[in-house]
Ligand code: SF4
């Protein structure tokens, strides 16, 4: 999933890197080092608001190239070395980018390498973040990865864009059942505190989320907490860049704030922030 950074894909290609890039991120409030595990831009979701270059066109190409952990680590070492001694320390290292990292077999080993590389670069205080749509978090490997992240200064940021199955289907257009995403989110939050990222927007096709949909979304969040999950924060976003599809428009700051207020009413001490 994605904090989408598609423009930086070109930057990687231009400087000969496939996986690692540096971006100024509104999410992190500073420099962020991104690790994009999927230069082919495949994803098991097809979100209406996705800002990735047309994955359906790319899917017509041959299959995924192998992800070479050594290549990722080499690129990361180079980038971190180039940032060391600069005026700005990165705010985080984020598995993000063009696809869905939680579906990658071998994620756990790669994540270990990333933490080691961060520490070797003298940046052990920089958190490592997994930005995910949650669909692959039920895999044993991802549960172990979550333990690793928690032990070494990392966090899972998990997407939840809907409160009901129909709205989820309209927004995320995936065959992954909504129930699985909610169950994975809940399980993860019971294991370690997680950040929830939610994207709201107005679509020419189905409008803005209704009051009932927002209430259903807050019910899901409250349900995670009721089931023993811990939410470190909830981030309420709207689209900020050009999306792949037309007819997708940002919500106003006031509309986002109204959504955040509804969440605060049920989540009490969980910070709920908006990103207009
Ligand atoms: S989860 Fe949605 S927004 Fe993220 S890469 Fe996949 S389709 Fe795009």
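Summarising the strand pairing of segment 172-276, around 30 percent of its internal DSSP beta bridges are antiparallel. The calculated FRET efficiency for the pair residue 266 and residue 116, based on their C-beta separation and a Förster distance of 30 Å, comes to about 0.15. Identify the residues of segment 192-231 with backbone N under 16 Å of a label point that sits 7 angstrom from the Cα of residue 258 along the Cα-to-Cβ direction, or state none. Within reach of a label on residue 258: 200-203, 207-218.
A straight chain from residue 215 to residue 82 at 0.36 nm per residue would run longer than the Cα-Cα distance by 43.3 nm. Specify whether the C-alpha gyration tensor of segment 208-275 places it in the rounded, prolate or oblate class, a ≥ b ≥ c being the square roots of the eigenvalues: rounded for a/c under 1.5, otherwise prolate if a/b is larger than b/c and oblate if not. Verdict is prolate for segment 208-275.
The GNM of the chain, with springs linking C-alpha atoms under 10 angstrom apart, assigns the highest mean-square fluctuation among 131, 259, 93 to 259. All distinct Cα pairs of the chain go into the 1/r average, and the inverse of that average, the Kirkwood radius, is 18.9 Å. Helix 69-83 and the longest principal axis of the C-alpha atoms of the chain enclose an angle of approximately 90°. Between the beta carbons of residue 206 and residue 124, assuming R0 = 45 Å, the FRET efficiency works out to 0.50 to the nearest 0.05. Note down the nm distance, to one decimal, between modelled labels 7 Å out along Cα→Cβ at residue 105 and at residue 232. With each label placed 7 Å out from Cα toward Cβ, I get 3.0 nm. Taking 205, 260, 222 in turn, the Gaussian network model of the chain (Cα-Cα springs below 10 Å) assigns the largest fluctuation to 205. Comparing Cα centroids, segment 195-253 and segment 85-120 end up 26 angstrom apart.
Bear in mind these aren't lab numbers, they're just calculated from the coordinates by the rules spelled out. None of the values given here were measured: they were computed from a predicted structure. Here the Cβ is made from the backbone with ideal geometry for all residues, glycine too, and neighbour counts use every protein chain on show.
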